[in-house]
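Report on the following structure.
Nothing in this text is a laboratory measurement; each read-out follows from the coordinates by a stated rule. Given the structure is predicted, the values throughout are model-derived calculations rather than measurements. Positions of Cβ are backbone-derived with ideal geometry, glycine not excepted, and every protein chain shown enters the neighbour counts.
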Amino acid sequence: MRPTVLLAALVPLLAATALRGSEACCATPPAATPAATTEAAETTAAKPAEGHPLRGVIVGVLAERSSLLVKHEEIPGVMRAMTMLLKVDADTLAAAKKDQPITATLLKKADGWWLQDVKPVEPAAS
């Protein structure tokens with residue numbers, strides 16, 4: 001078969017396929033029902049921010065950066081054990097003490113890693 005004849009046979013086939021594909025991709029989605037919209041909103045509102053449990057020791061309190069320098073244990077599936085700067089809220093910053101063992105929830109936010117629900121760990125009674 002000559003290239004010109006082959007091309008002439010393929011052009012209508014390709015055009016039909018492209019049109020059929022564009023109809024599927026550009027079709028207006030059906031309007032959401034009020035029940036579906038309410039259910040989606042409840043699911044989103046009920047879902048807490050995903051966090052990871054953290055155990056570590058406060059190595060430094062950096063008030064000017066609203067952060068704690070924390071030496072933490074490995075967080076399986078997230079990161080190895082390391083010392084890193086973690087952002088905290090003002091109340092946590094005010095209560096933080098250098099060399100204090102803590103537990104907390106580690107969260108990844110748009111502006112970096114944050115600690116939430118920071119609690120001091122009391123030494124075990126012997």
### Task
Please list, or write none, the lysines whose alpha carbon is within less than 21 Å of the alpha carbon of residue 71, excluding same-chain residues fewer than 8 places away.
87, 97, 98, 108, 109, 119
### Relative packing of peptides 68-75, 106-113, 81-88 - highest average C-beta neighbours within 10 Å first
68-75, 81-88, 106-113
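Could you please report the charge total around residue 84, scoring K, R as +1 and D, E as -1 over all other residues with beta-carbon less than 15 angstrom from its beta-carbon? Spell out each step's value before the answer.
Details: positive: 55, 65, 71, 80, 87, 108, 109; negative: 73, 74, 111.
Net of charged neighbours comes to +4.
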#### Entry: Spacing of the two label points (7 Å from each Cα toward its C-beta) at residue 78 and residue 97, in nm
2.5 nm
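Please compute the net charge surrounding residue 112, taking Lys and Arg as +1 and Asp and Glu as -1 over other residues with Cβ under 11 Å from its Cβ. Intermediate values should be presented prior to the final figure.
On the way: positive: 65, 87, 108, 109; negative: 111.
Net charge in that neighbourhood comes out at +3.
Round to the nearest 0.05 the FRET efficiency obtained for residue 122 and residue 50 when R0 = 30 Å and r is the Cβ-Cβ distance. Numbers along the way, then the final one.
On the way: r = 28 Å, r/R0 = 0.93.
For R0 = 30 Å, the calculated efficiency reads 0.60.
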### Task
Pop out the ³J(HN,Hα) list for segment 76-90 in order, Karplus 6.51 cos²θ - 1.76 cosθ + 1.60 with θ = phi - 60°, rounded to Hz; leave Gly and Pro as x.
x, x, 10, 7, 6, 5, 6, 10, 8, 8, 10, 6, 9, 6, 4
### Query
So what's the net charge close to residue 59: Lys and Arg +1, Asp and Glu -1, counting the other residues with Cβ under 13 Å from its Cβ?
+2
